[in-house]
1. Mind sorting Ile288, Ile181, Ile159 by how few other Cβ atoms lie within 10 Å of their own Cβ, fewest first?
2. Percent relative contact order of the stretch 212-293, based on C-alpha pairs within less than 8 angstrom and at least six residues apart?
3. Provide the per-residue ³J(HN,Hα) series for the stretch 74-82, in order, calculated from phi with Karplus coefficients 6.51, -1.76, 1.60 and θ = phi - 60°, each as a whole number of Hz, with x at glycine and proline positions.
4. Scan around Glu198 for amide H atoms under 5 Å from its own, H built in the peptide plane at 1.01 Å from N, and keep only partners 5 or more places away or cross-chain.
5. Using each residue's phi in the stretch 131-137, evaluate 6.51 cos²θ - 1.76 cosθ + 1.60 at θ = phi - 60° and report the 3J(HN,Hα) Karplus result to the nearest Hz, with x for Gly and Pro.
6. Which order do Glu244, Glu155 fall in if you start with the one that has the fewest other Cβ atoms within 10 Å?
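None of the figures in this text is laboratory data; all of them are computed from the coordinates on show. In this text, all values refer to a predicted model and were calculated from it rather than measured experimentally. Cβ: placed from backbone, ideal geometry, glycine included. Neighbour counts: every protein chain shown.
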Amino acid sequence: MASTNYRPAISPDGSLSLYLQWIRRYPMLVLEEEVKLANRWRDARDLAAVDKLVTSHLRLVAKIAMGYRGYGLPLGDLISEGNVGMMQAVERFDPARGCRLSTYAMWWIRASIQQYILHSWSLVKMGTTASQKKLFFNLRKLKGQMQANEGSDLEPGQIKRIAARLNVPEFEVVNMNRRLIGPDHSLNAPLREDGEGEWMDWLVEECDDQEHKLGVSEELRVQRNLLAKAMTGLSDRERHIISERRLKDTPTTLQHLSQHYGVSRERIRQIEVRAFEKLRKSVKNTIIEHRISC
């Protein structure tokens, strides 16, 4: 039996095989010993007990991690994340529930590895909802069962079957498949083998340029100044009615204003029309004066 003073680790120099050899030295626990160690950790926070619980299941972590090698991430990183999940499982394990630690820890190990894959596989988030995560981790397997082409879009019938199987919308199946077959690429990657030109050169800026934005901002400022000046030529009642009827996102009803001023709705409508005509003439005259002065 290996000494508990030694802690196997996966180093950056690639000594994964050495790590796998060392973890085989830690024996699996029988049920009685597992319960005893779990109780010692739960009741007395015995570090030696938790050490033995974790190290005896390192082979389980490595086995589960190997099932996720198809995502192109280093196996050593997957094992390290699985070990984190194993420690979380030991922290929460209660032997009184009648479940073996390996059965309980399996879910924590998988969850930790899957979370790492989702965060590391792409610079863009791959799955934010439970259904998207399920789709991400099952799509490749289902495509293999259907003998679908790995590097192209799915056929309509395949999309329908996968969506029904995983209970997700069809458009999510299409989007996820396209993201899986089209991994991240650098914008500085060359377009041709000779290295001339980059992908960035073909990007089109969809936003308005600064000159256009400045022009729109200036025009809006002028319009607001013209309106503010024209509003000074209205009476208080006209100014209030035109503001409530023409300058609000949700105009106040004629009925509400008629009750406020104690007049008929038709009278409010007439005041509104007259006030608007005053504004129009005032703005027009101001523009003419400005052109003459220029």
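1. On the way: Ile288 10, Ile181 14, Ile159 18.
The order, fewest Cβ neighbours first, is Ile288, Ile181, Ile159.
2. On the way: 40 pairs, mean separation 27.9, N = 82.
Taking the mean separation of contacting Cα pairs over the length of the stretch 212-293, I get 34 percent.
3. Each residue's phi maps through the Karplus curve to give x, 4, x, 5, 5, 5, 4, 5, x Hz.
4. Residues meeting the amide H criterion: Leu191.
5. 5, 5, 5, 4, 5, 4, 8
6. Lowest count first: Glu155, Glu244.
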